[in-house]
Amino acid sequence: AKDAGKNCLVVFEAQMRQQLLESIELENQLAQAIANDQLTLHYQPIYELSGKRVIGCEALVRWIHPKLGFISPADFIPIAEKSSLILELGQWVYQTACQQLQRWDLDAQLPNLNMSINMSPKQFDDESFFTMVPQLLRRLSLDPARISLELTETAILEHTERNQKLLATIKQSGMRIYLDDFGTGYSSIAHLATTPIDAIKIDKTFVDKACIYERDNRLLVSILAMAKHLELDVVAEGIETPDQLNLLISNGCALGQGYLLARPMPADEFADLVRSQG
Ligand code: C2E
Ligand code: CA
Ligand code: CA
Ligand code: CA
């Protein structure tokens, strides 16, 4: 009975938290968080799988709220996307990640790393993003080919002339385009032929199922073969077990990330990890 009472409290707290998360108040707080340095980026190492070497990372945004503590991007990105806050947030993430990459470049013990940056489909509304991006790369003397923008199908699916033009702008700038969460949306295959993407990121749900169900296993193997024919790079995400890792390696998946290899971590820890691999 005591435990039941405790569970009720936990449920109640979870509901309160959820309500607070959904409230307009949080939207205001997020605006302040961007201005007041409450946001930070963590970096998840991306490995060349067969040699188990870090070749770069994915920048993942974190919000440490003074009262609520850690808030997951899965919770606050959708809030930001309901307003123009996502544009500010997107610019902040981009600038912070590129400045970090330049700092690592100045460290003689670190090799040239690649940086993957998530981009919300809403950011296609932001003309200033597309002018800021190449300017910043020039100012920081970063080779654009080391930057990948991770876009979901939603952005690419909106086959408007405008989106196509902006995708072409990204390509012309020399940056790379990754199709994120591959396999979770619709008509991915058609878009592989018609959009200028460089790589697909295989979503964690695929990686999970491939080691459980025979048909999912075959599906993953087929996707890897297809990517190879189309000369697309592949990054697998959410690798948690040695079985998953082995399956991916033996079917030609070159790159990947996941808790088995490393979790997202602060910049300094990431630099230490890369230094330690010599
Ligand atoms: P995503 O782009 O699919 O990023 C991968 C997510 O999977 C990250 O969650 C990462 O921490 C988590 N992950 C990586 N390896 C494993 C694993 O082995 N096991 C499990 N269970 N999880 C793993 P995170 O950091 O909570 O981000 C969630 C989502 O929020 C991201 O999904 C992305 O869609 C969005 N997001 C994060 N940062 C940004 C950002 O700067 N801008 C935008 N627009 N969206 C972002
Ligand atoms: Ca991503
Ligand atoms: Ca994903
Ligand atoms: Ca995503």
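The values are calculated or read from the model by the stated rules, or taken from the named source; none is laboratory data. Please read these numbers as outputs of a predicted model, since none were measured by experiment. Virtual Cβ from ideal backbone geometry, glycine too; neighbours counted across all protein chains shown. Ligands, DNA and RNA are excluded from the accessible area calculation, which covers all protein heavy atoms including side chains. Shrake-Rupley method; radii C 1.70, N 1.55, O 1.52, S 1.80 Å.
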Please verify whether the stretch 62-74 includes one or more residues that are of a type outside the set (Lys, Arg), surrounded by 18 or more Cβ atoms within 10 Å (Cβ to Cβ), under 19 Å from residue 155 (Cα atoms) and more than 16 Å from ligand 3 (Cβ to nearest atom). no
Please work out if residue 199 is in contact (Cβ under 8 Å) with a residue 24 or more places away in the chain and either open to solvent by 20 Å² or more (accessible area, probe 1.4 Å) or within 16 Å of ligand 2 (Cβ to nearest atom) (or both). yes
If I ask for residues that are within 16 Å of residue 250 (Cβ to Cβ) and either aromatic (Phe, Trp, Tyr) or open to solvent by less than 60 Å² (accessible area, probe 1.4 Å) (or both), which ones from the stretch 222-236 would you list? 223, 224, 225, 227, 234, 236
One residue from 147, 117 being within 12 Å of ligand 1 (Cβ to nearest atom) and at pLDDT 95 or above: 117
Only one of (1) aliphatic (A, V, I, L, M); (2) open to solvent by 20 Å² or more (accessible area, probe 1.4 Å); (3) at pLDDT 85 or above does not apply to residue 24, and that is (3)
Those residues of the stretch 75-116 which are more than 16 Å from ligand 3 (Cβ to nearest atom), more than 26 Å from residue 272 (Cα to Cα) and exposed (fewer than 14 other Cβ atoms within 10 Å of the Cβ), in sequence order: 82, 84
Among (1) open to solvent by 30 Å² or more (accessible area, probe 1.4 Å); (2) within 26 Å of residue 143 (Cβ to Cβ); (3) of a type in the set (A, V, I, L, M), there is one condition residue 219 misses while meeting the rest; what is its number? (2)
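So which residues in the stretch 135-153 are within 16 Å of ligand 3 (Cβ to nearest atom) and either among the hydroxyl-bearing types (Ser, Thr, Tyr) or surrounded by fewer than 19 Cβ atoms within 10 Å (Cβ to Cβ) (or both), if there are any at all?
Selection gives 148, 152.
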Any residue at all in the stretch 38-61 that's open to solvent by less than 30 Å² (accessible area, probe 1.4 Å) and part of a helix (DSSP H, G or I)? no
Could you list, in sequence order, all residues of the stretch 246-268 that are open to solvent by 50 Å² or more (accessible area, probe 1.4 Å), farther than 16 Å from residue 61 by Cα and assigned to a helix (DSSP H, G or I)? 246, 249, 250
What's the total number of residues in the stretch 235-278 that are closer than 15 Å to residue 54 by Cβ and without any contact (Cβ under 8 Å) to a residue 12 or more places away in the chain? 5
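This table checks each residue for (1) under 18 Å from the mean Cα position of the chain (by Cα); (2) under 22 Å from residue 99 (Cβ atoms); (3) not polar (S, T, N, Q).
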| site | (1), (2), (3) |
| --- | --- |
| 123 | yes, yes, no |
| 139 | no, yes, yes |
| 154 | yes, no, no |
| 162 | no, no, yes |
| 170 | yes, yes, yes |
| 174 | no, yes, yes |
| 180 | yes, no, yes |
